[in-house]
Amino acid sequence: MNNDKYSYVGSQEIRLSVANSPIGTVISSIEDLKKWIFNTLDRRTINSNLIVATFVIDLKGNLRLAERSSEHIACAGGKAVLSAGEIFITWDKGAFEVCDITNQSTGYCPKIDSWKSVETALKKIPISFPPHFTIKFIFRRCPSCSQINIVKNDVFICSVCNSNLPDE
């Protein structure tokens with residue numbers, strides 16, 4: 001398992017605004033997933049057969065889910081994580097599958113190799129899932145303006161001030 005821990009690096013304004021938000025629910029089985037879906041999501045979302053959620057892998061290696069509109073820092077209870085992103089789950093007649101999963105979290109900026117922690121957590125449930133993040137994000141903080149950037153098409157240029165972003 002990847003042992004890198006990711007501390008929150010996002011906006012302090014966001015951290016403070018969600019300080020009293022509920023922590024994400026630990027999902028360690030299909031039953032936990034079903035309970036979370038039916039206790040958390042609205043009927044329209046449930047009936048769509050596609051669940052999109054915010055996720056983190058906590059420091060104990062647990063998958064935690066929260067509604068998609070939730071901040072990762074809230075889902076993690078303000079703590080460091082092993083990975084974070086968005087997860088897309090399809091379900092049909094009680095069969096669940098992770099169809100897409102990303103490491104998109106500008107609050108934690110997890111590296112692509114944080115997948116190892118995600119894979120370990122998903123295997124525990126167990127649930128079908130892809131062999132890697134289906135969309136992989138690379139994050140860089142601008143040394144000039146401190147903005148967190150998502151690198152697109154290998155262009156390491158800050159989207160705010162046009163400064164060069166570091167390669168590492």
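The values are calculated or read from the model by the stated rules, or taken from the named source; none is laboratory data. Treat the numbers as computed from the prediction; the structure is a model and nothing was measured. Using ideal geometry, Cβ is built from the backbone for each residue, glycine included, and neighbour counts are taken over all protein chains shown. Side chains are part of the model used for accessible areas, which takes the heavy atoms of the whole protein and leaves out ligands, DNA and RNA. Shrake-Rupley method; radii C 1.70, N 1.55, O 1.52, S 1.80 Å.
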Residue satisfying all of: in region 148-164; in a loop (DSSP other than H, G, I, E, B), under 21 Å from Ile135 (Cα atoms) and not acidic (Asp, Glu); least open to solvent (accessible area, probe 1.4 Å) among these:
Cys158
Residue satisfying all of: in region 29-59; open to solvent by 40 Å² or more (accessible area, probe 1.4 Å) and either among the aromatic types (Phe, Trp, Tyr) or under 16 Å from the mean Cα position of the chain (by Cα) (or both); farthest from Val98 (Cα to Cα) among these
Leu59
Reported set for region 79-95 where residues are open to solvent by less than 40 Å² (accessible area, probe 1.4 Å), at pLDDT 95 or above and farther than 17 Å from Phe133 by Cβ is Ala80
Find the strands (runs of 3 or more DSSP E) located wholly in region 1-74 whose residues include 3 or more that are closer than 24 Å to Lys111 by Cβ and in contact with a helix residue (DSSP H, G or I) (Cβ under 7 Å, 6 or more places away or on another chain), and list them.
50-57, 63-67
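Name every residue in region 75-93 that is free of Cβ contacts under 8 Å to residues at least 60 places away in the same chain, among the small types (Gly, Ala, Ser) and part of a loop (DSSP other than H, G, I, E, B), in order of residue number. Spell out how you get there, then give the answer.
Let us first name the residues in region 75-93 that are free of Cβ contacts under 8 Å to residues at least 60 places away in the same chain, namely 75, 77, 79, 85-93.
After this cut, where a residue has to be among the small types (Gly, Ala, Ser) as well, the list is 77, 85.
The answer is Gly77, and nothing else.
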What is the one condition in (1) part of a loop (DSSP other than H, G, I, E, B); (2) of a type in the set (Asp, Glu); (3) within 24 Å of Trp36 (Cα to Cα) that Asp100 does not satisfy?
(1)
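For region 104-131, how many residues are at positive phi and either aromatic (Phe, Trp, Tyr) or surrounded by fewer than 18 Cβ atoms within 10 Å (Cβ to Cβ) (or both)?
Summing the residues that are at positive phi and either aromatic (Phe, Trp, Tyr) or surrounded by fewer than 18 Cβ atoms within 10 Å (Cβ to Cβ) (or both) in region 104-131 gives 0.
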Could you list all residues from region 132-147 that are under 16 Å from Ser105 (Cβ atoms) and surrounded by fewer than 18 Cβ atoms within 10 Å (Cβ to Cβ)?
Thr134, Ile135, Lys136, Ile138, Arg141, Gln147
